[in-house]
1. For every helix of n ≥ 4 consecutive DSSP H residues, a contribution of -39,500 (n - 2.57) applies; sum these over the chain, divide by its total residues, and give [θ] at 222 nm rounded to the nearest 500 deg cm²/dmol.
2. I'd like the Karplus ³J(HN,Hα) series for region 254-269: coefficients 6.51, -1.76, 1.60, θ = phi - 60°, whole numbers in Hz, and an x wherever there's a Gly or Pro.
3. What residues have an amide H closer than 5 Å to that of L240, excluding those fewer than 5 places away on the same chain, when H is modeled at 1.01 Å from N in the peptide plane?
4. Leaving ligands, DNA and RNA out of it, work out the accessible area of R349 with a 1.4 Å probe and give it in Å² to the nearest 10.
5. Which chymotrypsin sites (Phe, Trp or Tyr not before Pro) in region 118-197 sit in a loop by DSSP (not H, G, I, E or B) and have at most 11 other Cβ atoms within 10 Å of their own Cβ?
6. Round to the nearest 0.05 the FRET efficiency obtained for W394 and F343 when R0 = 22 Å and r is the Cβ-Cβ distance.
7. Could you check the simple spin-label distance between E189 and A97, using points 7 Å along Cα→Cβ, in nm with one decimal?
8. Would you work out the relative contact order for the chain, in percent, from Cα pairs under 8 angstrom that are 6 or more residues apart?
Amino acid sequence: MLRPLALLLVLMSPCVAAADPAGATDASPDGWQAASPRDEIRPEFSRVAENGGGNSARLVIQCDDRPGLDGSWTRKFPVHGGRFYQFRAYRRVEHVANPQRSCPVRLVWLDDDGQRVPDDRRVVSRYNDGAPPMAETEHPSDKPVDASGWTEVSQIYQAPLKATQAYVELHLMWAPGGRAEWRDVSLKETEAPASRKVRLATIHFRPGGKTPDANCRAFAPLIKEAADKGADLVVLPETLTFYGSDKTPVEVAEPIPGPSTDYFASLAQKHNLYLVVGLYERADHLVYNVAVLIGPDGKVAGKYRKVTLPDGEADVGIAPGNEYPVFQTRFGSVGMMVCYDGFFPEVARELSNRGAEVIAWPVWGCSPDLARARAVENHVYVVSSTYTDVSLNWMISAVYDRTGEVLSQATEWGTVAITEVDLSQPTRWRSLGDFKARIPRHKP
């Protein structure tokens, strides 16, 4: 009875999963049924009994060597609109090159008639045609693979108010010779996830010291101001010990940890916050442009070495980094990039791939359009700190949200911009829903 809905959803958007796909078999006693968009691309379905079989059987999908096969195990779970649910399943694969893309879980909210329901949860979009948005397909996320090869796929969701059922699809697609098996699939009511509110701050300042130490100390009152406003993370600009000096990058380069990070570590500990500081680092015979994350414990939590180098840095012997570390803080995951990195999509994407929720960006200058792009294409918060004067209509010191909008901007020299965000709340788009969750499933 749901085939007209499936056709309608396909016509409306290629991104929307159709409930009850063509080729679905009769439901088994535990409610699971096998399905494929078309019979000619249907893979093989089977069950593997576990300790007596029945409801504890593993669900298996096996593709032959032909490309493009696509199938899923599907089931409807009853839900009550407005309540929170924990989805969880465990997946193991063989001969699947990209499990995140080839073995997604999809969850569609439906009403009693099997129709998609309106999304009464917060939907953010610049492109609002006035019509109420529909609840889009959810994509639970993959956790790390355990020692036995099983991956937990899970997420907590709030059901839209008019939802009475959740249609779950466990896929294997586009993996010639691949095999996927699923076990312990559940959708259980749970408590609302804890809020993860964080206050993100940027400093807009040109230090005028004659020495690296003087430049560092010039930021102290502004860091205190950010702390007085409740900041959890404060981002300072790029290579701040070099700015305004008559020295070369090599002359101001120092080890990490070193004198400058020691000074900022004392401030981070004093004010109980995280600092991101732009410096030049010396490591043996090499010099790097780095962003350093300093924690409230007064220690260096991590560093990022600028990967993309403009001619001016390469010409004086600065070396590029080649890693994209992401660091766990008490409020969430933080990645960093530096200046010229913003001109290229790869750096922010690699940080996002590794789980960054916030990207801190010390930046001398860049296009603000690219700042928005880095935020929106990865659905991350971006915090930039720049030396560029706002009158130049170029880079700004600001906090960008996941849609690329400026939440807060420091426009005067020697000022702090700060805003509070909740990392536990997904940003949903009209026609796409939680795009952040779609990225690992759909990216090339």
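The values are calculated or read from the model by the stated rules, or taken from the named source; none is laboratory data. Model, not experiment: these values are computed from the prediction. Because the Cβ atoms are built from the backbone with ideal geometry, glycine has one as well, and the counts that use them run over all protein chains shown. Protein only, heavy atoms only, side chains kept; ligands, DNA and RNA dropped before computing areas. Shrake-Rupley method; radii C 1.70, N 1.55, O 1.52, S 1.80 Å.
1. My calculation for the chain gives -4500 deg cm²/dmol from helical runs alone.
2. 9, x, 10, x, x, x, 5, 5, 4, 5, 5, 4, 5, 6, 4, 5
3. Those lying under 5 Å, H to H, from L240 are G278, L279.
4. We get 60 Å² for R349.
5. Answer in residue order: Y127.
6. 0.95
7. Going from the E189 label point to the A97 one covers 4.5 nm.
8. RCO, the chain: 15 percent.
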